[in-house]
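These notes are about the structure you will find just below.
None of the figures in this text is laboratory data; all of them are computed from the coordinates on show. Worth saying up front: this structure is predicted, and the values here are computed from it rather than measured. Neighbour counts are summed over all protein chains in view; Cβ atoms, including those assigned to glycine, are modelled from backbone coordinates with ideal geometry.
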Amino acid sequence: MSLENFEHLPSFAFGDSPDLADRLLELVLNGTKTASCGDLLSYEREGEPLPQPGDQYVVVDGKGQAACVIEMVTVDVRQFNEIDEVWAVLEGEGDLSLEFWQDAHREYFERNGVFSPDMKLVCEYFQLVKIFKRDKAAAKPH
């Protein structure tokens with residue numbers, strides 16, 4: 001199956017910068033990252049429906065090049081301060097500790113102007129469905 005089979009799907013990049021998008025994407029591609037979360041208020045502000053189990057998305061790298069397709073397995077809403085060690089491991093970032101997860105996500109949400117300890121997060125557990133061949137030279141800065 002080529003990219004054409006997936007062009008109808010919505011696409012996004014993880015994170016809020018090309019560098020972070022590439023780093024998080026690599027964790028998805030190597031199987032370390034199988035979960036993510038986002039601020040519930042941003043979905044509401046933008047009128048975006050919450051992802052549902054079975055929804056598929058094309059994930060792009062920091063240059064906007066399609067890299068893979070993921071499918072939502074479970075989606076639920078939790079407060080920031082309710083995230084546990086298991087979720088931190090599923091997100092696959094840093095040393096996989098809850099402390100790393102809390103620090104990195106606090107910084108991310110503060111950078112985006114929405115952090116509070118009781119903020120509601122859309123927590124998405126997903127599976128990797130398809131990996132696309134990409135031009136590695138185009139994907140990495142020179």
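Odds and ends about this structure:
- Averaging the sequence gap over all C-alpha pairs within less than 8 Å and six or more residues apart, then dividing by the number of residues, gives the chain a relative contact order of 32 percent.
- Acute angle (nearest 10 degrees) that the helix 98-111 long axis makes with the longest principal axis of the chain, alpha-carbon atoms: 80
- Each peptide in 42-55, 11-24, 72-85 gets a packing score, the mean of other Cβ atoms within 10 Å over its residues, and the list from highest to lowest is 11-24, 72-85, 42-55.
- Once the gyration tensor of the Cα atoms in the range 39-90 is diagonalised, the equivalent ellipsoid follows with semi-axes of 22, 16, 13 Å, ordered largest first.
- For the range 79-124, the equivalent ellipsoid built from the Cα gyration tensor has semi-axes of 17, 12, 9 Å, listed from largest to smallest.
- Working note: Karplus 6.51/-1.76/1.60 with θ = phi - 60° gives the range 112-120 the couplings 9, x, 10, 6, 7, x, 9, 4, 8 Hz, where Gly and Pro are set to x.
- In the chain, the longest principal axis of the Cα atoms and the axis of helix 18-29 are about 80 degrees apart.
- With 0.36 nm allotted per residue and the present C-alpha distance subtracted, the residue 27-residue 110 stretch has 27.6 nm of extension available.
- For the range 67-142 versus the range 1-65, the gap between their alpha-carbon centres in whole angstrom: 10
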